[in-house]
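To start, the structure itself, in structure tokens.
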Amino acid sequence: MLIKRTPDVYEKIRILGGMAGDDVLAPSQARSGSQSKWAGKGVTGPYSAPEKRPLAGVYRAAMPNGKFINLMRVMFTDFCMMDCAYCPNSIYVPRKRYAFKVDELADAFMELHRRHTVAGLFLSSGIAGSGSKTTERMVKVVEVLRRKHNFRGYVHLKVMPGAEYQYVEAAHRLGTRLSVNIETPTAEAMKRISPHKDFENGILTPMSWINGLNRSATGGAVGQATQLVVGAADESDADIFQRVDQLYGDWNLKRVYYAAFRPASDTPLEEKPPVPPLREHRLYQMDWLKRIYQYTSDELDLAFDGGGFLPLDQDPKTAIALENLDAFPVDLNTANHQQLLRVPGLGPTSAQRILDNRRHHGIDNWRDLTAMGVVRKRAWPFVVFPGQRPPSGKQLRLELFPEGARETSPSGPLPASTAGGAPCGLASSCNGCSLRGTPGHPA
């Protein structure tokens, strides 16, 4: 005899919390390298530990200030009317679907919050009915939290593609941060993987509304983010970064997240090869150069090869430096802050330390530079100071990229250390990584 059973709220949290894992909250070391040692144990993400995350649906996220916050990351429903060819929640996938009721989800969150298990909410969803109807239900969840339970903490609220302005405005009024997943950089790319989505009116228009609300409204959400699925539509890195440049420049997005395509069972793209995680990592490095190092668009263009892709065998900062050798070597005793930031192996902190130390004495040895955080292995060919002379341009290329030291990958040549090395692919210890030290960023 078959007995049908309605899943309780904890089972829904387990299922819909797991399905929300494709929404990226931070650059993930687990995605960028070998599988995390916690994989398969119900714990995912770059900052996870089993004692820190005993419950499904709880994600320990890193904040910009270096602190951590436990978020309840969950989908309102995994029903979806969209046909995204890469997505395990798409209409193509034949499986049982689940959904919360508004008060059910709000009460479950508050129970976890009262137990000090979570401090904030990250709420996503499939599109059930329409983008407006789904966004309306999600907004009602947050409204219950704010008004009935008097919750004043962090809420990251996904706005569904196709949502009408009134629901976007309501989400902005109640949320802390909003995001619309753009997924692809162009309308043409979107047509290849999700013909039912309206890229211009369904995605870009709500994003522009959020930008306008951020600029004009007092109170409410304080930022906007988005996510791109890298490689699903066979777009180039240059295509991606042209869109990223527009998002940061015109709409002042706080963050763009990148997720390397991984095939999902029962989807039209299940036979498509996965995108190398190192490609995702290179995009995060470029993103850091854009946001933190303030590289211009013309400078960033130097990092792409003839096909519009970022080389996997060298980080973008080094690639740009090698294409702009006329700007090097940089004299560490006279260079300004912007010039120092263009040197591979120097970051914002080490550049400022050099400037601070120069007020008292000259820069004249590697011991002091290493203590300031300079990565000698990467910086020495591009800097000069008393007792330090870099090689010529031709010799520099031979020194950095000796022949015979590479293997190949589906996307191009890789250093020998990549096969079993660090997520950045530069060295097994990651000492040579240009973004060492922070999520998505080496030193």
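The values are calculated or read from the model by the stated rules, or taken from the named source; none is laboratory data. Everything numeric in this text was worked out from a predicted model, so none of it was measured. When we count neighbours, we look across all protein chains shown, and the Cβ atoms used for this are built from the backbone with ideal geometry, even at glycine. Accessible surface is based on the protein model in full, side chains and every heavy atom, while ligands, DNA and RNA are left aside. Shrake-Rupley method; radii C 1.70, N 1.55, O 1.52, S 1.80 Å.
Between residue 175 and residues 5 or more places away or on another chain, which pairs have amide H atoms under 5 Å apart, with H built 1.01 Å from N, and which residues are they?
The answer is 221.
Please turn the phi angles of the stretch 353-365 into ³J(HN,Hα) values with the Karplus equation 6.51 cos²θ - 1.76 cosθ + 1.60 (θ = phi - 60°), one per residue in order, whole Hz, x for glycine and proline.
Running phi through 6.51 cos²θ - 1.76 cosθ + 1.60 with θ = phi - 60° gives 5, 4, 4, 5, 5, 5, 5, 10, 7, x, 8, 9, 7 Hz.
What residues have an amide H closer than 5 Å to that of residue 154, excluding those fewer than 5 places away on the same chain, when H is modeled at 1.01 Å from N in the peptide plane?
When sequence neighbours closer than 5 places are left aside, the close amide H contacts are 121.
Taking loop as defined by DSSP and a crowding limit of 11 other beta carbons within 10 Å, which trypsin sites (Lys or Arg not before Pro) in the stretch 134-166 fit? Don't skip to the answer; put the middle values down first.
Values: sites: 137, 140, 146, 147, 148, 152, 158; in loops: 152.
Filter output for the stretch 134-166: 152.
Regarding the stretch 81-168, what is the average projected area of its C-alpha convex hull, in nm²?
Result: 6.5 nm².
Please give the charge dipole size of the stretch 173-248, origin at the Cα centre, charges +1 on K and R Cβ atoms and -1 on D and E Cβ atoms. Round to the nearest 20 debye.
About 460 debye.
For the stretch 302-395, taking Cα atoms only, what is the radius of gyration to one decimal and the Dmax to the nearest whole Å?
Final numbers for Rg and Dmax: 13.7, 48 Å.
Please compute one quarter of the surface area of the Cα convex hull for the stretch 207-252 and express it in square nanometres.
Its average projected convex-hull area is 3.5 nm².
Would you compute, for the Cα atoms of the stretch 136-292, the largest minus smallest coordinate along each principal axis and list the three values in descending order, in whole Å?
Principal-axis extents of the Cα atoms in the stretch 136-292, largest first: 48, 38, 26 Å.
Using the reciprocal of the averaged 1/r over all distinct C-alpha pairs, how large is the Kirkwood radius of the stretch 251-309 in Å?
For the stretch 251-309, inverting the mean 1/r across all distinct Cα pairs yields 13.6 Å.
Return the sequence-ordered ³J(HN,Hα) values of the stretch 89-103 in whole Hz as given by the Karplus equation 6.51 cos²θ - 1.76 cosθ + 1.60 applied to θ = phi - 60°, using x for Gly and Pro.
9, 5, 5, 5, 7, x, 7, 6, 10, 9, 7, 8, 8, 4, 5
HN-Hα J couplings of the stretch 154-160 from phi, Karplus 6.51/-1.76/1.60, θ = phi - 60°, integer Hz, Gly and Pro as x?
Values per residue, Gly and Pro as x: 6, 9, 9, 10, 6, 9, 6 Hz.
Just in the stretch 219-326: which GluC sites (Glu not before Pro) are loop by DSSP and have at most 16 other Cβ atoms within 10 Å?
The qualifying sites are 270, 271, 323.
Would you mind checking the pairs 67/254; 67/158; 12/133; 133/272; 96/148; 96/254 and listing those with alpha carbons more than 26 angstrom apart?
Values: 67/254 17 Å; 67/158 23 Å; 12/133 21 Å; 133/272 33 Å; 96/148 32 Å; 96/254 35 Å.
Result: 133/272; 96/148; 96/254 exceed 26 Å.
Using just the alpha carbons, could you tell me how many Å³ per residue the convex hull of the stretch 288-329 encloses? Spell out each step's value before the answer.
Details: hull volume 3.4 nm³, N = 42.
About 82 Å³ per residue, rounded to a whole number.
Quick one: putting +1 on the C-beta of Lys and Arg, -1 on the C-beta of Asp and Glu, what dipole do you get for the stretch 164-319 around its Cα centre, in Debye to the nearest 20?
660 debye
At 1.4 Å probe size, what's the solvent-accessible area of residue 86? Round to the nearest 10 Å².
The value for residue 86 is about 30 Å².
List the residues, sorted by chain then number, that are 5 or more residues from residue 257 or on another chain and whose placed amide H is less than 5 Å from its amide H.
It is 226, 227, 228, by chain and number.
If 12, 101, 272 are ordered by their accessible area, calculated over protein heavy atoms with a 1.4 Å probe, which sequence runs from highest to lowest?
Final ranking, largest accessible area leading: 101, 272, 12.
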